[in-house]
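First up is the structure itself, then whatever we jot down about it.
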C-alpha cells in the first residue's frame, strides 16, 4: 500500500507491503543504516527513531502506521546545535565504545532534553531505557547530564 | 612526561559512530545479494532420516542440506594448536544435538522469501532422544552419547561418558597439607548459563570475486582464523580467501570462534555464485552460543596465622552440544585459580561434559569471573573464621611481584614484574570506609547495607617464552606516506574498548606524529600479518607492542634519510624526533644544533629523489602475559523484603601499568562492573525439559542491567596504581577482562556483609535472597 | 513426516490487509464486517510483537491511530475521562491524573521504558489483558468504567468485570474500547498507593504490582480497595483482604491479620521471572508496608 511520510525533512512516498516494519523500510529501502537491528522485539532501543519528535522503537512499527507523520534519525540532525552539543559531550566524555547503541541513545537524549525532561540524574535514568552492554551507562549519563544541566541554565 | 600517552583524546571512530555512518556487517550490501536463512533443529537430541526440501526448491531459492557440504568435522575456534583442537561440528548436520543446531539453509533475494522457504522444508526423524541437560546425568554410565566419535587434531577418538575433554594436575601433597592445616573449608559453587548479549547480532556477508576468490565480511574477533577455517573446510587456498575487518558491535568473547553462520554463508555463496548475507535475529544469536556453566568444588586449608597450605579444585564444565573451547578453559580455570593465591599444594580434577544445550564459548574472562567469585568468597569465609582482616589475608597470600604467574593455563607462565595490588587495596579501603564496616549480625531493619571486597586479575594476552598449546602472536604494517602522515594496518579488532586508538597513541609517542595524522587503514587478511584474535585482553599489550616496534623501525629509517638530507656528517644516532606544538607536526632535530627538519619535508624529498618508501612489517610474539590486577570495593543495599539489591558505591581499582587511554580505562571498569552486576543478579538462560529455551529466547526474559541498575557517576570511583610493566609498550598492560573479573566476588561479599548470607549459586535472584532470609528467620 | 516447527526464529509477520479508518464510525463498520478475523492496532507495542511470535493468526488489522477523537484526558469534576488512544506517556505527563489518580500516574511512569510509553495506549494495555497489565491495578481500585462501541451501540463495562482470563476480555469481537472513566470522589478523602516490583529497577514486566485506594476516617477503614497484577490469571481485587479491613479500626495487628488473607485472593504462578512462593511472600510484605504507610498519612 501507498505510504507517505516525512523522513529527515524529505517527503517520502513508497509502495510497501502492509506487513513491512518501519525498520526494514528505513534500512533496506531508504538505506538509513544508523537505525540498528538489535533485537526486533522492542526491548533494546537500538532501532529508536523520533516519530513526531518522540522516541519510539521502529522495529515495532508497521510502516503504514507512520503515514502522514514525521520521522527523524541521526542523519537528519546533522546541523542541529543541540545534537552537535550532545555528540561533542559524548565524545569528550568517552561515552562511545562499540557504537551500536549510540544513535538510538543520542536520539532519545536529544528528544528528552528538548522536552526538558532531564531535571535530575534520576530523570536521566527514567527516560534513557536503551540497552548498552559496553559502557555500563556511567559515561553516557555524565555526557547527557552535562548537556541537559547546561541547557537548563 | 608523555606527549600523547595518558592524555584524554578523541577516539578516531567517534564521529562515524555518533553520526550513524559507521557500518557493521549487517549494514553492508552487495549488488545481487541473496539473504540466507538457516533451518534450525526444533529438537535437542535427534537423528534425521530425511530432509525434503522440494517445496523450497520449487520456490526458486538456493537450498543446502548436509549432503551438499563436505562432511569434515571442525572446531570453530583455531586459537589452540592443532593437536589439542577437538572437532565435533559440521557445517550442516543430520544429527542435531541442541535446539537450534543448523540442519539446512537457503538463500533467496529477500528475507521474506528465504523464511518462507525455510518453513516449507520437511524433516523426517529417525529417532528423537530425551535431551540431557545436566552434565552429571550425562556422565552417568548408560547415558546416551551425544557424540560417539570426535576428532582430536587428526585422530578420531571415542567419547567416554559424554566427556568432551579432561585435565588433571597435581603439585605437592594436598592431603598432607590438609592434615597440617588448622582449618579446612570445602564449598560447592554453581553458575548460571549466561549470554553475551553483545548489541550486534552476528552477521556475515560473503561475496564471490572473479577468479574464484571469496571476500568475506564477518562479525569476528579474528579475520585470520576466519580465513583459515573457511579455507580448511572448503579446501580453498588461503590466497583465494580474503576476510575484511569491519567494526563489531561489542563481542565479549562471542566471536573468538568463527561463527556457525560463516561457513553456511560461504557454502550458499559457492553454490549460488552470488553474494550471500546472513544476519541472525536476536533469538538465533542466543541459540548460537552462550557461556559455560561451571560446577566447582573447592577445598582449601590454612594455618591459624592465615598462611594457605593447600587446595583441591574440582571443575565440571557444562559445554553444551558442541565444543568451542572447553579444553583450554579447563587449563585457564586452573591457571586463574593457581595465580590468585599461593596455595603451595594443589590438586585439580576437571572434566568438560557435553549436554544438549546451546554450545558454550568464552565470555569475558574465560572462567576468571567464575573462579575469582568462588575463590574470593572462600577467602572471605576464611578471613572470618580466622578472625583476620580480609585485606591482610589477601596481602599475605596473593601471587604478586617476582612470583611465577600462570596466566592462561599450565603452558603459559611468566614472572610478574609489575604489581599494584597493595597500593589499590590501601587507597580503596580508605575511600570505601572499610574500617567502618560492621558485622552482618548487627544489621537490622528492612534495608541493610554491606561492604564487600574482592581482588583479581587477568592476563594481558597469552604470550610466553615457550610455545605451548596456545597460538598467540600478532603483527602490523606501518608506512610513512609521501607527506609525512602514516598508514597503520593491523588485523587486530577493536570491540569498542578503544584498543586501536591506544596503538595510534603509541605510534604517535614514538614518532611525534599526532594521532590525527596516523591513519587506521582498512585491514583485511591479505594485507596484514597474522593476528590470532583480539581476546585475552591482548589488544593493547601485544598489539600495542607490535605497533611500537614498527614505529621504532620506521624511526630509524627516517633518521637514515635525515642524515642524507642534512649533508654534514652526522651520526644518525644523534637524531631525535618529536611533536612540535607550534608547527603541529613531527620534526626531526639534533640537540645542541640548529638542525631541524619537518618529517613531512623528509617524506617529500624521499619521494622526489626516488629513495623509496619507509615502512615496517612486524610479526611479534609476546614473551610474557603479565597480569593486570584489579580490586573492587562495593557497597550494596539489600531490601530484605523483596530481595532486591542496589549498588550504593563502587571503588574500582586497576593496575594496568601505564595508562594509555584514561577514558577507556574508566569505560572498561564501568562496563565490567555492569556485566558483573548482571552476572550476579539476573543473567541466566533457562531450559525447559525438552531442551528449548524458556521464554523462547526472547530477551524480555534475559535481563541485562539498564541505567537504573547502576550507581550515579559520582558514586563510581576509579583509582589506578602507579606501576610500569617493563614488557609492555610504554609500560602498559591490558584491562578488558580484568575490569570485570573480581567484581562478582566483591558484590557477593557485600551481600554477605549486609545480610549474613552467602550464596553459592548464581544468579542470586531476589527469590533466593528472600528464601534464605526466611529460612533463617530474619524476616517473617 | 514431522512438520518443521518454527521454534525460536520467528520474525516474519503474516500477510495482512491493513485498514486505516478516519472516523470512529468507519472503524466500527469495518470491525462489524471483519469481526473475529481482525484485530485493532493502536500503538502496536504488544500486538506487533505477538504477530511476530505468532501468538495470533490475523488477516486484517484495523489501525485506529488516526482517530484523534479518542485521544483526550478530560476532568469533569466527578470523573476523569481518558480516551482509549491516550498514550501511557501522556497519562504520565498529565497533571490531572497526577492529582486525582496518582497511582495511575505512577504506573504510567514505571511502564516499560520511554520509547514504549510513547506508543502504548491505555486502551491497548487493557485490551491486551496481560495479567501484568500495568494500568489495571490502579484502574481496578478506582473502579473505573470502560466504555465500548460497536455498530450495535455503546456499552459500559465496569473494569472489575472486564478481565476474563489471560489475554481475554469481556469485549465482543465487534467492539472497540473507546474510553476509560475514573470516578473521582473527593469526599471522603481517598489515599492512594502503588508499587511495582520487577527484577531490575526499570524497563520491566512486573513480578507483582499493587495498587491501593483507602478511605480512612476516625481511625477506621471506611472503605478500601486493593488490586494486584501478575498475581493471578487476570489483574485482581483482593476481596478477602478488603472485606476484612472494611469497618475495622486501623491498627498494625489488624493490618497484619488482613494481609494474611491475601492467599485466598491470588493465584500466582512460578515462571522464569519468579516463583509463586516468592510472589506471594513479597506481595504480603509490600501490602502490609503500603497499608501501614497509608494510615500514617503518606501515599507511595
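Numerical summary
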{"quantity": "Label point distance in nm, residue B:581-residue C:172, each placed 7 Å from Cα along Cα→Cβ", "calculated": "8.4 nm"}
{"quantity": "The range A:79-149 - convex hull of the alpha-carbon atoms, volume per residue in Å³", "calculated": "76 Å³"}
{"quantity": "Whole-Å semi-axes of the ellipsoid equivalent to chain C (Cα gyration tensor, √5λ, descending)", "calculated": "34, 23, 16"}
{"quantity": "Equivalent-ellipsoid semi-axes of the protein assembly as shown, from the Cα gyration tensor, Å, largest first", "calculated": "49, 37, 33"}
{"quantity": "Inverse mean reciprocal Cα-Cα distance (Kirkwood Rh) of chain A, Å", "calculated": "15.7 Å"}
{"quantity": "Using a Förster distance of 30 Å, the FRET efficiency for residue B:83-residue B:314 (Cβ separation, nearest 0.05)", "calculated": "0.70"}
{"quantity": "The range B:657-780, Cα convex hull volume normalised per residue, Å³", "calculated": "174 Å³"}
{"quantity": "Paramagnetic reach from residue B:128 in the range B:29-63 [backbone N under 16 Å; point 7 Å along Cα→Cβ]", "calculated": "B:40-51"}
{"quantity": "Rg [Å, one decimal], Dmax [Å, integer] - the range B:374-442, C-alpha atoms", "calculated": "14.8, 47"}
{"quantity": "Kirkwood-based Rg to Rh ratio, the range B:168-268, C-alpha trace", "calculated": "1.31"}
{"quantity": "Proxy reagent accessibility, fewest Cβ within 10 Å first, across B:628, C:150", "calculated": "C:150, B:628"}
{"quantity": "Cα principal axis extents for the range B:331-412, largest first, Å", "calculated": "45, 28, 24"}
{"quantity": "Overall dimensions of the range A:2-76 by Cα: Rg and Dmax, Å", "calculated": "10.9, 29"}
{"quantity": "Spin-label model distance (nm) - residue C:156 vs residue B:774, 7 Å beyond Cα toward Cβ", "calculated": "4.2 nm"}
{"quantity": "Calculated FRET efficiency for the pair residue C:292/residue A:67, C-beta based, R₀ 56 Å, to 0.05", "calculated": "0.60"}
{"quantity": "Cβ-derived FRET efficiency at R0 30 Å, residue B:446 paired with residue A:120, nearest 0.05", "calculated": "0.75"}
{"quantity": "GNM top mover of C:92, C:276, C:101 - chain C, alpha-carbon springs below 10 Å", "calculated": "C:276"}
{"quantity": "Along principal axes, Cα extents of chain B, largest first, whole Å", "calculated": "87, 74, 48"}
{"quantity": "Semi-axis lengths, Å, the range C:17-63, gyration tensor of Cα atoms, sqrt of 5 times eigenvalues", "calculated": "20, 12, 7"}
{"quantity": "For the range B:477-596, alpha-carbon Rg relative to the globular expectation (2.2 N^0.38 Å, N residues)", "calculated": "1.15"}
{"quantity": "Cα convex hull of the range B:734-780 - mean projected area over all directions, nm²", "calculated": "3.6 nm²"}
{"quantity": "For the range C:191-295, alpha-carbon Rg relative to the globular expectation (2.2 N^0.38 Å, N residues)", "calculated": "1.04"}
{"quantity": "Cα-projected label distance for residue B:482 with residue B:435, points at 7 Å along beta-carbon direction, nm", "calculated": "6.9 nm"}
{"quantity": "Largest-first principal axis extents of the Cα set of the range C:125-240 (Å)", "calculated": "49, 37, 25"}
{"quantity": "Per residue convex hull volume, Cα atoms of the range C:1-151, in Å³", "calculated": "136 Å³"}
{"quantity": "Relative frequency of Cα-Cα separations exceeding 22 Å in the range B:452-537, percent", "calculated": "38 percent"}
{"quantity": "The range C:30-161: antiparallel DSSP beta bridges as a percent of all, rounded to 5", "calculated": "70 percent"}
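No lab work stands behind these numbers, since they all come straight from the coordinates. In this text the structure is predicted, and so the values were computed from the model without any measurement. Note: ideal-geometry Cβ built from the backbone for every residue, glycine included; neighbour counts use all protein chains shown.
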